[in-house]
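Below: the structure, in structure tokens.
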Amino acid sequence: IGVDEKSLISILTNSNEEHKRSLRKGSSKLFIEDENGFERWDQSSIKILKHQFNRFRDAVVLSLLHPWERDARLIEKAIRKGPKHYNVIVETACTRSSDQLLGARKAYHSLFHHSIEEHLTHIKGRERKLLVALVSAYRYEGTGVNEDVAKSEAQILYEAINNGDKNKLLDHEDAIMILATRSKQHLQALYRHYNQSYDKTLAQDLEGEGILKDTVECLCTPQTYFTRVLEAAVKEDADEESKRALTRVIVTQKEQLVKEGFVPNKIQDILLGLNKDFMLASIASGDIK
Amino acid sequence: MATLTVPTTVPSVSEDCEQLRKAFSGWGTNEGLIIDILGHRNAEQRNLIRKTYAETYGEDLLKALDKELSNDFERLVLLWALDPAERDALLANEATKRWTSSNQVLMEIACTRSANQLLHARQAYHARYKKSLEEDVAHHTTGDFRKLLLPLVSSYRYEGEEVNMTLAKTEAKLLHEKISDKAYSDDDVIRVLATRSKAQINATLNHYKNEYGNDINKDLKADPKDEFLALLRSTVKCLVYPEKYFEKVLRLAINRRGTDEGALTRVVCTRAEVDLKIIADEYQRRNSVPLTRAIVKDTHGDYENLLLALAGHVEN
């Protein structure tokens, strides 16, 4: 997945018409013989190329931007694009440090002349309450967790999920409050207690609950969340959105990925080769991803 | 406009520290000296004094003051000596520990500070209490009060002057509907008050009055005993005309049998460097008596003297 611009440029500027024609004739996946006597570019291949160039552009822009502006823009775009993208809001609000999230809120003011909370009012769905609470958080980041409170709050969540109406979870004031105000250390302790007390993880119990599950994972087990996103991106039949997620995660989590090494090898190779993939080599071999 | 006055030539920080140290030494305390110094230094200068005092004498100035002073005067000095962000954190923390009247203090801090001042208070809260302000507010308030206060203390409002008049119309209508249905703690009401910029809220409320005839606060007076409604009305005041809010707090604090020193101390301390002049003007307009005269009438001793110093009173 990627574009090697340097090679592309050097090859194309050094080619003459003959050379280019033999290139076209040799790439049966990209060019097809048209009945009117020329090698026509296959439509679907153009689309793929476009996506690849876009992803490269996104990677460059995302990398260059100040993290605050980057995160503000990610959030704004996600709000605009709708429910399928709300996980990006959760991801940004929950996996950044408290000060980074604060910075994103400031950048949002400068860029969009509104607060994030205001723009979230455009969301009509029930996710709004949770999302507003998550982006407004300024979590304590020190150590020191009250284990008793963590345990009792694990119970509150358990009851909300198992005894209450699962459809009403997003409206459960206490659950949202716990997830949106407690420190990450506290929530991780809560996660452990939940597991010990109920023989399953909080994430498992939230299977199918969309952004609630994303929220819990991002706060308590971020590597699980990111691994899931990355693996979806490199699957054979991954859609364009999933592939874009790859760029986003790799750029925003680069230090974490390289440091923690919790990334499957497949992705590590791609991470290293992001700017080295030879599109032309792919053309020559007739193999495009 | 601030009322705090700082001398044109300020003594050096070490001189100030030395004088303060002298004020504590020997029998009794020289309160006048404390008032002369601390009562005429701004936040930055006070921070420097505290830092230097600790470095020079190995003791926190606040601890020394705590030992030497008592009662209302001590409370005023200690609150005043703090950095505004720390002060707000302390006031907020106290408010989460007591009963309903302190919901008002939480709302006051959330709504009358600038977006960045509220942020600094939240940061100071982390440092001082090892928790987040939102956690404590969430866990010490309930029901409708929590529903309103949590978003208020978590807000980071846009501070520009831009206003969307169409939106103001829509939201004025929305508020009017909810109020007519007595749905005072409805999600939308809370959302408008807790997320919109102050300029936008102002436009919305102007439109409300134009369109429906009454100030929104008049319509929110349906039940005079309802405490949530009272908090809602105060929230509106704090957001669009804080000086009127503070004038009322002062008026109630001073005119009561006895005086509510807590409120008086809090308002003077937190506004002396911000807009106490405007509040005092409003006070005079509303009560036909200058604020300083009311303070003289109702308080005495060192407490009175420091209040007057902070309120910019000049001896005749």
Of the candidates B:65, B:69, B:33, the one satisfying the condition of being surrounded by fewer than 19 Cβ atoms within 10 Å (Cβ to Cβ) and on the phi < 0 side of the Ramachandran plot is B:33
Condition set without any contact (Cβ under 8 Å) to a residue 40 or more places away in the chain and in a loop (DSSP other than H, G, I, E, B), scope region B:24-46, selection farthest from residue B:61 (Cα to Cα): answer is B:27
Checked A:117, A:91 against criteria (surrounded by 14 or more Cβ atoms within 10 Å (Cβ to Cβ), under 24 Å from residue A:224 (Cβ atoms) and among the acidic types (Asp, Glu)); the one match is A:91
Reported set for region B:107-116 where residues are within 14 Å of chain A (Cβ to nearest Cβ) and in a helix (DSSP H, G or I) is B:110, B:115, B:116
Reported set for region B:125-167 where residues are farther than 22 Å from residue B:86 by Cβ, more than 9 Å from chain A (Cβ to nearest Cβ) and surrounded by 22 or more Cβ atoms within 10 Å (Cβ to Cβ) is B:148
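Can you pull out the residues in region B:169-194 that are among the small types (Gly, Ala, Ser) and surrounded by 21 or more Cβ atoms within 10 Å (Cβ to Cβ)? I'd like the intermediate steps shown before the answer.
Taking region B:169-194 first, the residues among the small types (Gly, Ala, Ser) are B:172, B:180, B:183, B:185, B:194.
Correct list: B:172, B:194.
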The residue from B:221, B:244 that alone is closer than 30 Å to residue B:304 by Cβ and of a type in the set (Lys, Arg) is B:244
Across (1) assigned to a loop (DSSP other than H, G, I, E, B); (2) within 14 Å of another protein chain (Cβ to nearest Cβ), residue A:28 clears everything bar (2)
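Do any helices (runs of 4 or more DSSP H) entirely within region A:73-175 hold 2 or more residues that are farther than 21 Å from residue A:245 by Cβ, and if so, which? Give the steps one after another, and end with the answer.
Working: elements: A:86-95, A:98-112, A:116-119, A:128-135, A:147-162.
Filter on region A:73-175 gives A:98-112, A:116-119, A:128-135, A:147-162.
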For region A:149-156, state whether one or more residues are under 22 Å from residue B:125 (Cα atoms) and within 14 Å of chain B (Cβ to nearest Cβ). yes
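Return a yes/no flag: does region A:186-197 have any residue that is more than 27 Å from residue B:148 (Cβ to Cβ) and loosely packed, with under 15 Cβ neighbours inside 10 Å. Steps first, answer last, please.
Our first condition is that a residue be more than 27 Å from residue B:148 (Cβ to Cβ); within region A:186-197, this holds for A:188-189, A:191-197.
Now restrict to residues that are loosely packed, with under 15 Cβ neighbours inside 10 Å: A:196-197.
There is at least one residue in region A:186-197 that is more than 27 Å from residue B:148 (Cβ to Cβ) and loosely packed, with under 15 Cβ neighbours inside 10 Å.
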* Out of curiosity, is residue B:89 under 15 Å from the mean Cα position of the chain (by Cα), within 14 Å of another protein chain (Cβ to nearest Cβ) and buried (at least 21 other Cβ atoms within 10 Å of the Cβ)? -> yes
Residue count, region B:269-290, condition touching a helix residue (DSSP H, G or I) at 6+ places or on another chain (Cβ under 8 Å) and closer than 26 Å to residue B:90 by Cα, comes to 10
Of (1) exposed (fewer than 12 other Cβ atoms within 10 Å of the Cβ); (2) within 30 Å of residue A:215 (Cα to Cα), residue A:36 fails just (2)
The lone condition residue B:81 fails out of (1) out of contact with any Lys or Arg (no Cβ under 7 Å at 6 or more places or on another chain); (2) among the small types (Gly, Ala, Ser); (3) surrounded by 17 or more Cβ atoms within 10 Å (Cβ to Cβ); (4) more than 14 Å from every other protein chain (Cβ to nearest Cβ) is (1)
Scanning region B:63-81 for residues that are without any contact (Cβ under 8 Å) to a residue 60 or more places away in the chain and not hydrophobic (A, V, I, L, M, F, W, C) gives B:63, B:66, B:67, B:68, B:70, B:74
Note on residue B:257: of the conditions (1) farther than 25 Å from residue B:29 by Cβ; (2) modelled with pLDDT of 90 or more, unmet is (2)
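Here's the yes/no breakdown for (1) without any contact (Cβ under 8 Å) to a residue 40 or more places away in the chain; (2) farther than 25 Å from residue B:249 by Cβ:
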| position | (1), (2) |
| --- | --- |
| B:105 | no, no |
| B:109 | no, no |
| B:123 | yes, yes |
| B:130 | yes, yes |
| B:166 | yes, yes |
| B:172 | no, yes |
| B:187 | yes, yes |
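The values are calculated or read from the model by the stated rules, or taken from the named source; none is laboratory data. These numbers come from a predicted model, not from an experiment. As a convention, Cβ positions derive from the backbone with ideal geometry for all residues, glycine included, and neighbour counts pool all protein chains shown.
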